[in-house]
Amino acid sequence: MTLSYAQSLDGSVSERYGEKSVLSCETSMRLTHALRADHDAILIGIGTVLADDPRLTVRHAFGRSPRPVIFDSHLRFPITSRLLVDNPFPPVIVCTEEADRSRGARLEKAGADVVRVAADPAGRVDIPAALVGLAGRGIGSLMVEGGSRIITSFLCGGHVDRVVLTVAPVFLGGMPSVGGVEAASSNRLPRLEAVSWMLLGRDLVVTGVPERDGGKD
């Protein structure tokens with residue numbers, strides 16, 4: 001389980017909610033796409049789909065594109081999304097049991113693989129249940145790219161084996177990469193160990209392994 005995302009110097013992933021901000025330079029983007037090629041699947045939240053309409057394919061490096069996975073508790077996934085109409089693999093859309101059945105049927109007819117799992121106490125997709133469902137579909141390695149809620153939930157829940165963080169030398173003053181209800185809960189954000197860093201173009205790339213015991217309250 002690799003968590004990989006880009007942020008500004010002040011910890012923002014975008015300037016405003018619902019808008020895309022391109023932060024990585026071409027050199028660090030190649031690293032990100034090489035990481036994609038090393039994983040069976042790549043996971044984002046529905047907020048990122050609605051804001052960016054991404055493809056999540058490997059374009060800046062050599063290798064096979066991963067299968068897209070979307071956490072979408074209430075099945076808001078657009079039927080016209082590029083992940084559905086312009087992707088080498090059909091997306092796996094993970095929703096809760098309570099999500100609209102007719103909407104799910106339409107997405108499946110269009111080619112998506114809709115996976116229903118239990119909801120967590122907040123009514124969102126339960127991450128451990130989702131990971132079990134993905135493993136049952138042959139997904140053994142997963143790259144998590146965001147957005148903010150997904151990043152925070154995976155970190156607080158202890159579901160991350162490796163972090164690859166790209167820091168762009170800009171200030172945005174926008175949406176924080178980590179925070180919200182999950183970070184303020186009884187779960188703890190981890191510190192990183194086995195930390196290393198390198199400069200790629202104008203960006204600083206930090207890698208590390210989340211501590212399993214200990215962290216920041």
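The values are calculated or read from the model by the stated rules, or taken from the named source; none is laboratory data. No experiment lies behind these values; they were computed from the predicted model shown. Using ideal geometry, Cβ is built from the backbone for each residue, glycine included, and neighbour counts are taken over all protein chains shown. For accessibility, only protein heavy atoms count, side chains too; no ligands or nucleic acids. Shrake-Rupley method; radii C 1.70, N 1.55, O 1.52, S 1.80 Å.
Surface listing: M143, M198 arranged by accessible area from highest to lowest gives M198, M143, probe 1.4 Å.
Where only DSSP H runs of four or more residues are counted, the chain gives -6500 deg cm²/dmol as its mean residue ellipticity at 222 nm, each run worth -39500 (n - 2.57). Taking only complete DSSP H runs, can you tell me which helices of the chain stretch 15 Å or more along their own long axis by Cα positions and average at least -1.0 on the Kyte-Doolittle scale? Once both thresholds are applied, what remains is 26-37.
Say a site is exposed when it is one of the chymotrypsin sites (Phe, Trp or Tyr not before Pro), sits in a DSSP loop, and has at most 12 other Cβ atoms within 10 Å; what is then the longest site-free stretch of the chain? The segment 63-170 is the longest one with no such site. Per the Kirkwood formula applied to alpha carbons, the range 89-155 shows a radius of gyration over Rh ratio, Rg over Rh, of 0.96. Surface composition of the range 3-143: carbon plus sulfur atoms hold 51% of the accessible area, using a 1.4 angstrom probe and ignoring ligands, DNA and RNA. In the chain, the DSSP beta bridges split such that about 40 percent are antiparallel, to the nearest 5.
Computed over the chain, the P(r) curve from all C-alpha pair distances, binned at 10 Å from the origin, holds 8, 34, 39, 17, 2 percent per bin. As a size descriptor, the averaged projected area of the C-alpha convex hull of the range 99-196 was calculated at 8.9 nm². Taking the DSSP beta bridges with both ends in the range 36-160, the antiparallel portion is around 5 percent.
Solvent-accessible area per residue in the chain equals 49 Å², computed with a 1.4 angstrom probe and all protein chains kept. In the range 94-163, what GluC sites (Glu not before Pro) fall in a loop by DSSP, with at most 13 other Cβ atoms inside 10 Å? Sparse-neighbourhood loop GluC sites (Glu not before Pro): E97, E98.
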